[in-house]
Amino acid sequence: MSVEPRTFSTMIGGREMTFEVGKFAKQASGAVLVRYGDSVVLTAATGSKEPKDLPFFPLTVNYEERLYAAGKIPGGFIKREGRPSEHAVLTSRLIDRPIRPLFPDGFRNDVQVINTVMSADPDASSEMAAMIGSSLALSISDIPFAGPIAGVQVGLVDGEFVVNPTHEQSVQSEMDLTVAGTKEAINMVEAGADEVSEETMLEAILFAHDQIKEIVAVQEEIVAQVGKEKMDVVLKTLDEDLTNQVRALSEGKLKDAVLVKEKHEREVALKDVETDIVEQFEDEETIDHVKEILKMLTKEEFRRLITKEKIRPDGRGPEEIRPLASEVQLLPRTHGSGLFTRGQTQALSVCTLGALGEVQVIDGLGQEESKRFMHHYNFPQFSVGETGPIRAPGRREIGHGALGERALERVIPDEESFPYTIRLVSEVLESNGSTSQASICASTLAMMDAGVPIKAPVAGIAMGLVKEGDDLTVLTDIQGMEDALGDMDFKVAGTSVGVTALQMDMKISGINRAVLQEALQQAKTARMHILNSMLDVIDTSRPELSAYAPKIMTMHIKPEKIRDVIGPSGKVINQIIEDTGVKIDIEQDGTVYISSTEASLNEQAKAIISDIVREVEVGEIYHGKVKRVEKFGAFVELFKGKDGLVHISQLAKERVNKVEDVVKIGDMVDVKVTEIDNQGRVNLSRKVLLKDEPKEESKSE
């Protein structure tokens, strides 16, 4: 069914958002061009007509940044977009998470949602345009989808919540919150904040949901006018008779296996149950179905134990945290290291300090061109006792690293007080639930060990939820099985004062205020317990940096003197670097950062730069060396790179016939600056110091 071109509009955050349907990408299952301010995003959703034989739903969401959208040409030799930027990967995840739970259970058709950013306005969120566009494209398509959903960004500026803040408002904001959901409930939250209280965060989330309801209502009106009839799909289901047969064979056995406390022993026990039951069937296809049924029954038994009997697989109570352990100074040659262990989850973080010239350069659509704080996360296969290929970081690794970065960047000292580039790398050594939050704890320890003067220590915890009908249990410190088979993954990181990062994903339609409030309060109690455990090992940042960390010295020069320090084609600055072995970074405002592993080398470089930019002023007195003698006078070096002339008439009180009668090359003499002519030439006098008893102290080199 072809759709005649139509345009719809609504107001979001004080700016108009328009939706153009039926004009672009007409061969996709559903497509919409979204305009928000000067941001323009084309969203196309496409679904295959036949299902795939897969144990999961094959959904792919892409957020494609085109640098022409910001009037830029890509860097490098190829001059075209390559692999997605970190921001593009994170935005793709941000859109995927709220829409994924809204497809039918057992739906196995390929679905791809592509958002192409064609024009980027820094004051009108292209990310939210893409999220709303994704929802609308799916909703008007023939793909079965229980939407619409919507998303908004919320800032906190001068104590007021702001919807989809502008770039300037974002800089001033105390929080960077993104919320998505349906008209009934919230199902995705992503936030960074300046130690905001749990109460403020809750109110911000609920404020966002009020905006979401209005945007969903607009989409429903559009769907009613141009939406396609949904396709008939074959949902993957389990045979009822076979399910009942396997249920009878596994009765009692699955409960015993699920309640084995240790992770690997539990996996062995579940595998033994599977083997015992599978042996009773011969047909290969039937055996595959039996294995799927057993997975379903394992999930069912796990959820029953949590909601009905309030029993967790490892025997803990709902609010109980696994045993904690922290350690620092593990790696002698690194600048700082921290090991954090929670049960069978363990992360080792390493902090590296560098010069400001080592910042990460960002080639993207946003206003940010570089960043001096980075947090990277690695998840090797051995952390779960498995083998596998080692590849570049995937979406999950990038997402977990970014969550840790968001949690920690709010406590990083500013560039002026701590002029370093900071890189943290978290190596996951063991995994059984919430490695991202373990990496935050380990990275806090590593920075304190490195001597980074953070504003406050940060810890994180992952909360879970299991809901069956009216029975609901909120879990603290979820392990792997509880994450995989539960309904919510709710991560909260922060200091003793408040929240610095928050991430929530739902596998069900959403949750209400009461559940959010309970989860936030339990998370706060758990966070304080973890922080106290960490502070028992190291309670404040070390007063001195590692001997192997660079020492950075700061000085200021006049901006107009920058070119003198750099020299033609960088000749002067490169010579300083070669002579001293330091790194030098110069900002446009004249701030100079000098770094090396030895403070003495920094001092040496600073002295050279000081001489280059030093200016002579009339009335100053210098103790300088005679460098050249002429008939008309002597040239005296006031400091490196700057000479002045003492005319023969200014050498002594009496008449001087020959310059050499008073001074010779190499003599050290006191001179006073009497004039600087319009060509910058400096005239000096020795005579005025002899005639008048000098009261002021000489400036010696």
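The values are calculated or read from the model by the stated rules, or taken from the named source; none is laboratory data. None of the values given here were measured: they were computed from a predicted structure. Please note: Cβ atoms are built from the backbone with ideal geometry, for glycine as well, and neighbour counts cover all protein chains shown. To get the accessible areas, we keep the full protein, side chains included, count just its heavy atoms, and leave off ligands, DNA and RNA. Shrake-Rupley method; radii C 1.70, N 1.55, O 1.52, S 1.80 Å.
In order along segment 238-252, the Karplus-derived 3J(HN,Hα) couplings, from 6.51 cos²θ - 1.76 cosθ + 1.60 at θ = phi - 60°, round to 9, 4, 5, 5, 5, 4, 5, 5, 5, 4, 5, 5, 9, 4, x Hz, and Gly and Pro are given as x.
In terms of overall dimensions, segment 116-198 has a Cα radius of gyration and Dmax of 14.4, 45 angstrom. In terms of packing, defined here as the mean over residues of other Cβ atoms within 10 angstrom, the peptides 382-394, 446-458 line up highest first as 446-458, 382-394. Shown here are the Rg and Dmax of the Cα trace of segment 556-701, at 17.9, 55 Å. From the largest down, segment 366-430 spans 45, 25, 17 angstrom on the principal axes of its Cα atoms. The ratio of the alpha-carbon radius of gyration of the chain to the globular-protein estimate 2.2 N^0.38 Å is 1.27. Using the charge dipole of the chain (Lys, Arg: +1 at Cβ; Asp, Glu: -1 at Cβ; taken about the Cα centre), state which of Gly343, Ala355, Ser649 has its Cα farthest towards the positive end. Comparing the listed Cα positions along the dipole, Ser649 ranks first. Which log10 I(q)/I(0) values does segment 291-339 give at q = 0.14, 0.20 Å⁻¹ under the Debye formula, counting every alpha carbon as one identical point scatterer? Normalising to I(0) and taking log10 leaves -0.59, -0.73. Ranking Met201, Tyr548, His529 by Cα position along the charge dipole of the chain, where only Lys, Arg, Asp and Glu carry charges on their C-beta atoms, puts Tyr548 farthest toward the positive end.
Around the Cα centre of segment 338-432, unit charges on the Cβ atoms of Lys, Arg, Asp and Glu (plus for the first two, minus for the last two) sum to a dipole of about 340 debye. Here segment 427-565 is described by how far its Cα atoms reach on the three principal axes: 73, 37, 28 Å, from widest to narrowest. Over the chain, Cα pairs under 8 Å with separation of 6+ residues give a relative contact order of 10 percent. With all protein chains in place and a 1.4 Å probe, the accessible surface of segment 422-561 carries 50 percent carbon and sulfur.
Would you mind checking Lys558/Lys642; Lys79/Lys561; Lys230/Lys299 for any pair whose Cα atoms are more than 23 angstrom apart? Where the Cα-Cα span goes over 23 Å, the pairs concerned are Lys79/Lys561; Lys230/Lys299. Taking the Cα atoms of segment 396-462, the ratio Rg/Rh between the radius of gyration and the Kirkwood radius comes to 0.97.
Surface listing: Ser600, Ser443 arranged by accessible area from highest to lowest gives Ser600, Ser443, probe 1.4 Å. Modelled spin labels at Gln679 and Lys299, positioned 7 Å past Cα toward Cβ, are 8.8 nm from each other. One way to sum up the overall shape of segment 233-373 is the equivalent ellipsoid from its Cα gyration tensor, whose semi-axes run 46, 24, 15 Å, largest first.
Note on Lys631: aspartates and glutamates with a C-alpha under 12 Å away, same-chain residues under 8 apart excluded, are Glu660, Asp661. Across segment 363-378, coupling constants 3J(HN,Hα) worked out from phi with the 6.51/-1.76/1.60 Karplus curve, θ = phi - 60°, read 10, x, 8, x, 7, 6, 10, 7, 9, 9, 10, 10, 10, 10, 10, 10 Hz, and Gly and Pro carry x. Considering only Cα-Cα distances, which of the following residue pairs are longer than 32 Å: Lys295/Lys524; Lys228/Lys491; Lys213/Lys467; Lys236/Lys308; Lys261/Lys507; Lys52/Lys213? Going by Cα-Cα distance, Lys295/Lys524; Lys228/Lys491; Lys52/Lys213 fall outside the 32 Å limit. With the biggest extent put first, the Cα atoms of segment 191-298 measure 55, 46, 19 Å across the principal axes. Positive end of the dipole of the chain, charges at C-beta (+1 Lys, Arg; -1 Asp, Glu), about the Cα centre: which of Val260, Ile215, Leu235 has its Cα farthest in that direction? Going by the Cα projections, it comes out as Ile215.
For the chain, what is the calculated [θ] at 222 nm in deg cm²/dmol (nearest 500), taking -39500 (n - 2.57) for each run of four or more DSSP H residues and dividing by its residue count? Calculated at 222 nm, the ellipticity per residue is -10000 deg cm²/dmol. Global size of segment 592-648: 15.1, 49 Å for Rg and Dmax (C-alpha atoms, Rg to one decimal, Dmax whole). Pair-distance distribution of segment 604-681: all C-alpha pairs, bin width 10 Å, starting at 0; shares per bin in whole percent are 18, 49, 27, 6, 0. For Leu429, the residues 5 or more places off, or on other chains, whose built amide H falls under 5 Å of its own are Gln346, Ala347, Leu348. Dipole magnitude for the chain: about 2280 debye, using +1 per Lys or Arg Cβ and -1 per Asp or Glu Cβ, origin at the Cα centre.
Computed from backbone phi with θ = phi - 60° and the Karplus coefficients 6.51, -1.76 and 1.60, the 3J(HN,Hα) list for segment 493-500 is 10, x, 9, 5, 8, x, 7, 10 Hz; x is used for glycine and proline.
Taking 0.36 nm per residue of sequence separation and removing the Cα-Cα distance, the Lys658/Ala217 pair yields an extension gain of 148.9 nm.
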